[in-house]
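Report on the following structure.
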Amino acid sequence: SEPARVERKRGRELPGHKPGEMNTTERRYLETVIDPEVMTGQILEWAFEAVRLRLAPRTWWLPDFAIWRPAPARLELVDVKGSRPEEQAQRVKIKVAADRYPCWLFVVARLRSRQDGGGFTREEINP
């Protein structure tokens, strides 16, 4: 079998991440949250890794999902997190993005453990 792919980003390794491809947690979010809401009309359109926001010179944030909801008509940018502790730098980027782009809704979707009932929690980040 092929060894796990590892990319380098400014000295940090990102194990297994291939741009444009969903990991297991992102796929689970798509199947358990997005797909059912598309079927009921709560989501009109969605895209994976389609929006890249410039936060400062040489600083960007790439949300996992861009979602367009009909009411209220608004773009929602979702960052899906697993059960591991969140990196502080990533948290700061989301807050800066919410402050810089107040017309969009920023959401952190965090995977809950099976002991906590499974599924995802939803945290809206306000500017």
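Can you tell me the accessible area per residue over region 10-117, all protein chains present, probe 1.4 angstrom, in square angstrom? Before the final figure, lay out each step's value.
Details: 6910 Å² over 108 residues.
Ligands and nucleic acids excluded, the figure is 64 Å² per residue.
Taking Rh as the Kirkwood radius computed over C-alpha pairs, what is the Stokes-Einstein D of region 11-127 at 20 °C in a medium of viscosity 1.002 mPa s, expressed in µm² per second?
Translational diffusion coefficient: 143 µm²/s.
Under 8 Å for C-alpha pairs, at least 6 residues apart: give me the relative contact order for the chain, rounded to a whole percent.
The normalised contact order for the chain reaches 16 percent.
Among 72-83, 115-126, 41-52, how do they line up from the highest to the lowest mean number of other beta-carbon atoms within 10 Å? Write down the numbers at each step before the final one.
Numbers: 72-83: 16.0, 115-126: 11.8, 41-52: 13.6.
The packing order, highest mean first, is 72-83, 41-52, 115-126.
The values are calculated or read from the model by the stated rules, or taken from the named source; none is laboratory data. Worth saying up front: this structure is predicted, and the values here are computed from it rather than measured. When we count neighbours, we look across all protein chains shown, and the Cβ atoms used for this are built from the backbone with ideal geometry, even at glycine. Each accessible area value is taken on the protein alone, full model and side chains, heavy atoms only, with ligands, DNA and RNA left out. Shrake-Rupley method; radii C 1.70, N 1.55, O 1.52, S 1.80 Å.
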